[in-house]
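Below: one structure, written as structure tokens.
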Amino acid sequence: MKVKNIVGYMLGNDAHIVARGDSWLDADRQVYICKSFGTAKSILQESHRAVLEPNNIVWSTIYRVKADEIDVFKIENDLVWTNQATKIVVDRPVAYYKPPYRSEFQLLANARCVLPYFSELIRGKRK
């Protein structure tokens, strides 16, 4: 379904920094837009929890974004999913939360948690 004049929030980190007026990505990929700042903040805070899991991205920045018209394939849990990341334009960064510092002990504990998943991946059991 097509959605016009959408305004929302997206999450970035040190690996994905964008400036005002930039497209969210330079190639179309599946992304989600948070309809509210509260949702974006709760996803960001959840990414900062102590235990790392496979595919867990640690977010640090919340950006306000807008799009004139995008195709949406799913709206669920205050998230709007689209495959048109190039049509999303950054309005401005609105919040930055420094990722928590992890001690060597915490990193080793996290490694122990991830090890079974890594072992399955190496053995080819997970796809």
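The values are calculated or read from the model by the stated rules, or taken from the named source; none is laboratory data. The structure presented is a predicted model; accordingly, all values stated were derived computationally and were not measured. So basically every Cβ, Gly included, is an ideal-geometry build from the backbone, and we count neighbours across all protein chains shown. The area values use the complete protein model at the heavy-atom level, side chains included, leaving out ligands, DNA and RNA. Shrake-Rupley method; radii C 1.70, N 1.55, O 1.52, S 1.80 Å.
From S42, S60, S103, grab the single residue that is small (G, A, S) and over 17 Å from the mean Cα position of the chain (by Cα). Just one listed residue meets the conditions, S103. Given D22, D26, which one is open to solvent by 60 Å² or more (accessible area, probe 1.4 Å) and touching a strand residue (DSSP E or B) at 6+ places or on another chain (Cβ under 9 Å)? Exactly one residue qualifies, and that residue is D22.
All of V80, V65, V72, V90 fail the test of being more than 15 Å from K35 (Cβ to Cβ), open to solvent by less than 20 Å² (accessible area, probe 1.4 Å) and either outside any strand (DSSP E or B) or in contact (Cβ under 8 Å) with a residue 12 or more places away in the chain (or both), apart from V90. Among the criteria (1) assigned to a loop (DSSP other than H, G, I, E, B); (2) open to solvent by less than 30 Å² (accessible area, probe 1.4 Å); (3) hydroxyl-bearing (S, T, Y), the one Y101 does not fulfil is (2).
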